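Take a look at the structure set out below.
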Amino acid sequence: MNICVIGTGYVGLVTGVIFADLGNDVTCVDKIKEKIDSLNKGIMPIYEPGLEEMVKRNVVDNRLFFSTDLHGAVEKAEIIFICVGTPPKDNGETDLSFVEGAAKGIAKSINGYKIVVNKSTVPVGTGDFVRKVIEKNKTHNTDFDVVSNPEFLREGSAIV
């Protein structure tokens with residue numbers, strides 16, 4: 001299966017590596033070029049026991065890729081995970097601007113049926129928000145589904 005993971009922070013990187021280790025072809029995308037360059041050199045932006053070894057193994061086996069090319073990753077993916085930051089606003093509400101940006105990027109690149117998985121920590125109803133953003137901005141008349149799979153990883157024991 002071809003999978004695109006948007007965001008290479010803790011949740012995105014661990015999610016992508018685990019799916020690659022299960023035999024899927026995974027492209028982890030981030031808009032921060034320096035982060036992608038570091039990952040392509042084997043430099044991990046986070047510490048998680050066993051992560052570095054899993055990354056290296058799956059890169060060598062051509063199952064795990066790191067890129068800034070959201071368009072290309074979305075086009076070839078069957079499933080797209082949104083794993084971007086959702087920091088709090090000054091008023092305490094969740095800032096969904098990164099989620100919205102990811103949804104707009106998906107919309108511009110969607111070229112066939114896709115499953116969009118919202119893995120970021122978000123308020124109830126965000127799946128409907130993501131669906132509306134993609135529907136409003138998509139450039140092809142294609143179907144897609146949005147599902148929620150909130151992350152409950154515990155740092156330091158996500159892989160082991």
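The values are calculated or read from the model by the stated rules, or taken from the named source; none is laboratory data. Here the structure is a predicted model, which is why all the values come from computation and not from measurement. Counting neighbours? That spans all protein chains shown, and the Cβs are built from the backbone with ideal geometry, glycine included.
Out of the stretch 1-55, which residues are in contact with a strand residue (DSSP E or B) (Cβ under 9 Å, 6 or more places away or on another chain), surrounded by fewer than 22 Cβ atoms within 10 Å (Cβ to Cβ), touching a residue at least 60 places away in the same chain (Cβ under 8 Å) and over 25 Å from Y113 (Cβ atoms)? The answer is M54, and nothing else. Only residues that are more than 15 Å from the chain's Cα centre (by Cα) and within 15 Å of D145 (Cβ to Cβ) were counted in the stretch 114-126, giving 1.
Among the residues of the stretch 32-83, the one identified as of a type in the set (K, R), at pLDDT 95 or above and not in a helix (DSSP H, G or I) is R63.
Just so you know, in the stretch 124-160 the residues that are farther than 19 Å from G9 by Cα and touching a Leu at 6+ places or on another chain (Cβ under 8 Å) include one that is modelled with the highest pLDDT, and it is F129.
The sole residue among M54, M44 that is over 30 Å from K136 (Cβ atoms) and in contact with a Leu (Cβ under 8 Å, 6 or more places away or on another chain) is M44.
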